[in-house]
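What follows draws every value from the coordinates through simple rules; no lab data is involved. Since we're looking at a predicted model, the values are computed, not measured. Counting neighbours? That spans all protein chains shown, and the Cβs are built from the backbone with ideal geometry, glycine included.
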Amino acid sequence: MSLNWKEINLILDELELPGSQIQNAVQSTFDVIGLRIHKKSGPSPATKQLLVSLSQGACRMHETFQLMPKSSKPLRFAQFLNSRVVNSWIEEAVQLGDNRIIRLKVRRGEFRYRLYIRLWSNAANFIVTDEDGNVLDAMRRLPKKGEVSGGHYAPEENSAGIGSGREYSVRDLPGEGSFNSKIDAFYSEKGGAVSLEVLREKAKNIYEGKIDRLQAALEKLRLKETEYASADKLRESGDIILANIAAIKPNDLWLEADNFYADGTGTGAGAKVQIKLDPDKSPSQQAQLYYKQYAKAKKGLDNIRAEIESGESELAGIEQKLKLLLDEENPLVLAKLLKAGGASKGSGAKSGTMPVSSKREKQRPGLSFKRGDWLILVGRDASENDALLRRYVKGGDLWLHARDFPGAYVFIKQRHGKSFPLEILLDAGNLAIFYSKGRNSAGGDLFYTPVKYLRRAKNSPKGLVIPTQEKNLHIKVDEKRLKELENCRV
């Protein structure tokens, strides 16, 4: 349960923040931050630790008397606060109407900032702006709402949203002392469990969706395996046709003959079998067609079984990862694991750790290049292209391919809220030309489109796709760029 607006006002009244100095910021995890506040109270100084939590179902700001755990490595927003806001003086601390948005006006030398703490369960955030509402940074960067560096945030401008008119009361909590101390004790006892359940539900939503998709894909592969498992009958049909060439007449549509494979003895004691013929082909050509279909099905069966084995291994890994996450008892550790994709150095759920990288990542096909925060994947042949398409890219990732030459599929992995920079497009384009039959040319045209606009043609060769909504890009091969990319291999 989050704080209501009357409780927020009571907390602010008790804290008496104006005249205090912000001395330090500590971020425990992605949605919890602590601010150390110092104020001279009478003859002796007083120091308080403010806790700001954006956790769903437990959004709050209050004085905490508990030890604030530190993250294993400095987190971004705390670093920003320590560089821009720490050592500033609080001039005002108010709630905007009854809308559960706290505004702190602070001054650091000649600079003045506004700290907005929005305590909405489904849209909580901690945003820092200048006096004109220009966003300097936010604890949760939300580009679509403008809550990102360079955006604009000034909730006072929307006067209609400042008053909800709803009636609330301050909870009668057990314990002694101020409401701050009561609320801190309440969340120390209940908040961890609430946060833990929310995080576990988030883990389920993420990983159970992956499990469902993998299981559906495996079911399709197993159906295909059953279809390909009858490949031997194609070879047998070819053998029977060659053994009965003299009995086949021009324009025959069917061959009826003894199935000498029926009892496994090869003696001809088996039952009769009917084999479909193509009247436009000679008997020997017809037999070769069945042999060709057999070879294709046999190879396809091997590939399907390899995919099934890989998928089952991946499924077991995801199920194990989910189990470890659900067994974790520390909400701070669980939040870190979820943010890191469920992976952390070490092993064992009790210590809140898991293998540093998954088997799937280690076995990713093709080549990988890391340019800044952007990951580029290259499939060098049909098998690698197909494997990347099936398991390692998503709809929002960008696909590139040389237009006039056969060769590599190149993918740029999407970054949430970011558009693909021109420099990264040029990197990927150079790789697409270099890993194609046109690598010795001075350049070439290529097309690109998001992966979601690719479709497979029915019965097409492995890895072949048909792009839609594609765009064109002309690339001049840049040897210097290619050498730089070689140093970015991961």
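Rounded to the nearest 20 debye, the dipole magnitude of the chain is 960 debye, with +1 charges on Lys and Arg beta carbons, -1 on Asp and Glu beta carbons, and the Cα centre as origin.
How high is the relative contact order of the chain? Use alpha-carbon pairs under 8 Å, at least six apart in sequence, and give a whole percent.
Numbers: 831 pairs, mean separation 42.2, N = 490.
Taking the mean separation of contacting Cα pairs over the length of the chain, I get 9 percent.
Excluding same-chain neighbours fewer than eight residues apart, the lysines reachable from Lys6 by a Cα-Cα span under 24 Å are Lys48, Lys105, Lys182, Lys190.
Name the longest site-free stretch of the chain, where the excluded sites are chymotrypsin sites (Phe, Trp or Tyr not before Pro) in a DSSP loop with no more than 15 other beta-carbon atoms within 10 Å.
Values: sites that count: Phe65, Trp120, Tyr168.
Within the chain, the longest run free of exposed chymotrypsin sites (Phe, Trp or Tyr not before Pro) spans 169-490.
Only four residue types carry charge here, +1 at the Cβ of Lys and Arg and -1 at the Cβ of Asp and Glu. Report the dipole size of region 360-404 about the Cα centre in Debye, rounded to the nearest 20. Walk me through the numbers before you get to the answer.
Details: 10 positive and 7 negative charges, 40 e Å.
For this selection, approximately 200 debye.
Cα axis of helix 231-243 to longest principal axis of the chain: angle in degrees, 0 to 90, nearest 10? Helix 231-243 and the main axis of the chain meet at about 10 degrees. Would you mind checking the tilt of helix 5-15 against the longest principal axis of the Cα atoms of the chain, expressed as 0 to 90 degrees and rounded to 10? Relative to the chain, helix 5-15 is tipped by roughly 50 degrees. Axis angle, to the nearest 10 degrees, between helix 382-391 and the longest C-alpha principal axis of the chain: 40 degrees.
Ordering Ala124, Leu446, Ala217 by Cα displacement along the dipole of the chain toward the positive end leaves Leu446 in first place; charges were set at the Cβ atoms of Lys, Arg (+1) and Asp, Glu (-1). Here the 3J(HN,Hα) profile of region 81-92, calculated from phi with Karplus coefficients 6.51, -1.76 and 1.60 at θ = phi - 60°, is 4, 5, 8, 10, 10, 4, 6, 8, 9, 7, 9, 8 Hz, Gly and Pro shown as x. List the lysines whose alpha-carbon lies under 16 Å from that of Lys413, not counting same-chain residues fewer than 8 positions away? By straight Cα distance, Lys413 reaches Lys370, Lys394, Lys452.
Counting each DSSP H run of 4 or more residues in the chain as -39500 (n - 2.57), what helix-only mean residue ellipticity at 222 nm follows after dividing by all residues, to the nearest 500 deg cm²/dmol? Write down the numbers at each step before the final one.
Numbers: 10 runs with 172 residues, N = 490.
After summing the helix terms and dividing by the residues of the chain, the value is -12000 deg cm²/dmol.
Residues whose amide H falls under 5 Å from that of Arg403, counting only those 5 or more places apart or on a different chain, are Asp445, Leu446, Phe447, with hydrogens built in the peptide plane.
Count neighbours as other Cβ atoms within 10 Å of each site's Cβ, and list the GluC sites (Glu not before Pro) in region 86-142 that are DSSP loop with at most 15 such neighbours. The partial results should precede the final answer.
Numbers: sites: Glu91, Glu92, Glu110, Glu131; in loops: Glu110, Glu131.
Filter output for region 86-142: Glu110, Glu131.
Going by neighbour counts of Cβ atoms within 10 Å, the residues Leu75, Leu221, Leu173, Leu142 line up, fewest first, as Leu173, Leu142, Leu221, Leu75.
Rounded, prolate or oblate for region 5-171? Axes are the square roots of the Cα gyration tensor eigenvalues, ordered a ≥ b ≥ c, and the cut-off for rounded is a/c under 1.5. Rounded shape, in that the Cα axes give a/c under 1.5. Based on C-alpha pairs under 8 angstrom that are at least 6 apart in sequence, region 364-486 has a relative contact order of 26 percent. Charging the Cβ of each Asp and Glu at -1 and of each Lys and Arg at +1, and nothing else, the dipole of region 5-171 about its Cα centre rounds to 600 debye.
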